[in-house]
Every structure is written in C-alpha cells, then in structure tokens.
C-alpha cells in the first residue's frame, strides 16, 4: 500500500518540486495536468517535492488501475494528452470519462460510495473520493457536501469545502461564507479557496476580513480568492498586504492579485517590493505584476532589477515586463543585458523584449551577439527580434549567422530577418532560393513574396508567467 500511496500522491496531489531534476504536476483549470522537469532548485513555500527516481521506484508493482490514472496525468505540451497511441506498455488506458470524452455520469450508488470515501481513514481514498465527486454536476452532491460543512469532524469539513470548490455550485456560497469563521485553519483556507473558484461577489468582504487571519495559509488562500474576484476596490487593501504581511507567500499572492487587477495605484508599492523584498519569489511576482500593469513609471525599477537582482528568475521576469511595457527608451539597456547576463533564459527574454519595441531600424549591438549564443532558443529570439526591427546595418551579422546556423527554426527566423532588414543582394537571394534544403527555399520564397507567415512561424515567447 505504501507504493500505491506514493504513486497516488504524485498523481493526485499535483506536487510542485524544489529539488534537482524533479517532477511536478501543473494543474490547469479544466482538471488537466502537465508534467514538468525542474532542472534548478526553486523556493516553493509549502509543496512537497518528488524526484524522478522516487517516482519510478514507487511505480514498480502498482496495479494497472493506479498506473493508468498516473500515466494519464502526465501530459505533454500541445494539443491533447497523446493517449491515442496504438501500442503502450499498459495497453488500454483506464479513465473516468465516457466514450465521448465527457465526465462519466455518477449513479446514486456511486455517489454514496464516494461520500463514504470522504470519511475514510485512508488519505488516498479520501483524495480520490473528493477529486471524483468534485467533478460531478449533481444537486445531490452539492447538498451532501454542504451538509458535511457542518460536521463535527474537522477532516470532513475540510474535504467538503475542497469538494465544493471543485464542483463550484452557486448554492454553496452562503454556507462557505459561514465556514470562513470555522475555528480550524484547514476549513477556513479551503472555504476561501472554494469561494474564489465559485467567483461570487457576495464573498468579497468576508474574504477580505481574512486578510487579518492569524494563519498565513488562510491569508494566502483569501488573497488569491479575492484576486479571482477581480474587484478594483480591493487594490488599497492588497497594497497594504504587499507592504506589511510577514509571510512571503501572502505578499507574493497579493502582488499577483494586483497584477490581475492591473492596478496602477499599486506601481509604487510593487516597485518597492521589487527592489527591497528579501524573498526572490515576491520580487519575481512584483515584476510580473508591473508588466501586467504596463506603465512606464515602472521602467526604472524594472531596469534596476533586470541589471542587478541576484536571482535569475527575477531578472528574466523583469526584462519580460519591460517588453510588455514597450518603452523604446530601454532598448539599449536591454541590449546590454542581452549580451552580458550569465543565464541564457535572461538573454533570450531580453532579445524577445527588444523585438517588442516599436522602434524600426535600431538593433542594439548586444542583440547581434546573441546570433552566436550557445542556446538555440536564445538565437531564435534574437533572429526574430532582428526581423521585427528591420535594421539594415544588421545584415552582415545575419548573413554570417546563416552560414553556420544548423537549427531549422532559427534559419527561418534569420531569413525573415534578412528580408525584413532590406536584403537586396542578388547573390544572397539566389543562394537562398537555390539551397539544397527545401525548408530554406520555402522560407526564402515566402519572405520574398511578402507572405506574413512561415510554417511553423518562428514566434518565440518567454516562459510562462509565475503563479501564486
């Protein structure tokens, strides 16, 4: 049972990780999850990590039903979950969906079994029970979970609030608001989380009252819930949280909420957090929020962080934010960062940010150096940015890069940059069109014809934004 429990924990608890080469499962709003590989330590606040060795050891000997559910939760990027492969080690996958891909309808007998599971003394059974029953769209489920919010059992009240957040029934709003006054931390936190998912404006004031709760877990859940409610009148209170709360996780959540609100009145507080907060994850989220607000008054703070912050994630998000603001006066500074930062992600995102600027005909020298960068993604972003800028003085560097570049997507981006920068040399264009590589010929012909897209289009993008 210990092996099965570890596999279930990896699959169903959506663990984030802080170890080297760790696995974590990133949950999406529709319940899908994606497996990621984290190659560098991260400063997670409250999530337990599991490395690949532990995961594979735990999987050995697990029954097919458990292994099937585990494998279905490990999803790749892009469309679908790749579950239609003709031959897999397990054979036919086991799923809780019908033949049309919809959640399977639960019978009354199923519902009763699941309610019994919520009171089990086994944590894995409770976890499976609430995840399945939370997907059911049934009045019986909602009323049963609401009834259990008044249970004498703390564990049952906690899991009932969790289930209501998964199912999001509107009739649960008032009972969940009452549960915000529960004496137990877990019940208050789960109730706040659930109200944030149901998104009822009626819960706004009760949730804001929890900003003074003595538990950081409850405060964080309440702040995130308020951010989901998207009410601008919460901005001043969230600013106070960013400035004063003693929990880094709560300050980070408040910065995220202010970014979601695009609250311009928060720029000063977020800029201060970016330059002064001792926690790197708070600084990272403050930079992201400033990028969401998109005001040039944040430029100085973001440039300072992009140049000097000790954490590479903070520097990367800061240059991303500068790209979102599109202040063309920062293009030379971004060029310096692109050529000098020790981390390839930061260099590449700086190149992307330069490409965002509405400043035709000015490619900073630092951007040109990235055409020789050791990282493919960074070279791609640099080539794309040069295509955006269309600087004819960059033509020699682009031509030289084309002579040595081996990556297909980077070559397409370089050809695009070459043509958009005004390449008119008959010799160069003839060489491209006569290339032995059909992909080079296709890109050259499309570019010369003025076609706006290549297939695939070389559109680089920074890593996903941080989440609270």
Fill in the blank from the handout: Final fewest-first order of 416, 283, 264, 157 on the 10 Å Cβ neighbour count is 264, 157, 416, 283
Completion exercise
Note on segment 164-292: the mean projected area of its alpha-carbon convex hull, in nm², is 7.0
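Scale the Cα Rg of segment 303-388 by the rule-of-thumb value 2.2 N^0.38 Å and send over the ratio, two decimals. Numbers along the way, then the final one.
Numbers: Rg = 11.1 Å, N = 86, 2.2 N^0.38 = 12.0 Å.
This ratio for segment 303-388 stands at 0.93.
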Problem - For segment 365-439: rounded, prolate or oblate by the Cα gyration tensor [a/c cutoff 1.5] - result: oblate
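Ranking request for peptides 314-320, 171-177, 384-390, 356-362: highest mean number of other beta-carbon atoms within 10 Å first, then the rest in descending order. Please report the intermediate quantities before stating the final value.
Values: 314-320: 28.6, 171-177: 19.3, 384-390: 24.0, 356-362: 15.0.
Peptide ranking by packing, descending: 314-320, 384-390, 171-177, 356-362.
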Problem - Mean projection area, nm², convex hull over Cα of segment 159-224 - result: 3.6
Handout entry: For segment 234-391, alpha-carbon Rg and Dmax in angstrom
Key = 15.6, 49
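Beta carbons within 10 angstrom, averaged per residue: use that to sort the peptides 285-298, 109-122, highest first. Show your work: numbers first, answer last.
Working: 285-298: 23.6, 109-122: 15.1.
Ranking, from highest mean packing down: 285-298, 109-122.
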Practice task
Sort 205, 184 so the one with the fewest other Cβ atoms within 10 Å of its own Cβ comes first.
Solution key: 205, 184
Practice task
Please report the orientation-averaged projected area of segment 221-297, defined via the convex hull of its C-alpha atoms, in nm².
Solution key: 4.2
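To make sure I understand, if each residue's beta carbon is the centre and we count other beta carbons within 10 Å, what order do 149, 55 fall in, fewest to most?
Working: 149 23, 55 20.
Neighbour counts put them in this order, fewest first: 55, 149.
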Practice task
Quick one: check the C-alpha center-to-center distance for segment 297-317 versus segment 239-266, whole angstrom.
Solution key: 18
Handout entry: Ordering of 341-347, 306-312 by packing [mean C-beta count within 10 Å, highest first]
Key = 341-347, 306-312
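Values in this text are rule-based calculations from the coordinates and carry no lab data. The shown structure was predicted, so the numbers you read here are calculated from the model rather than taken from an experiment. With ideal geometry, Cβ positions are generated from the backbone for all residues, glycine too; neighbour counts draw on all protein chains shown.
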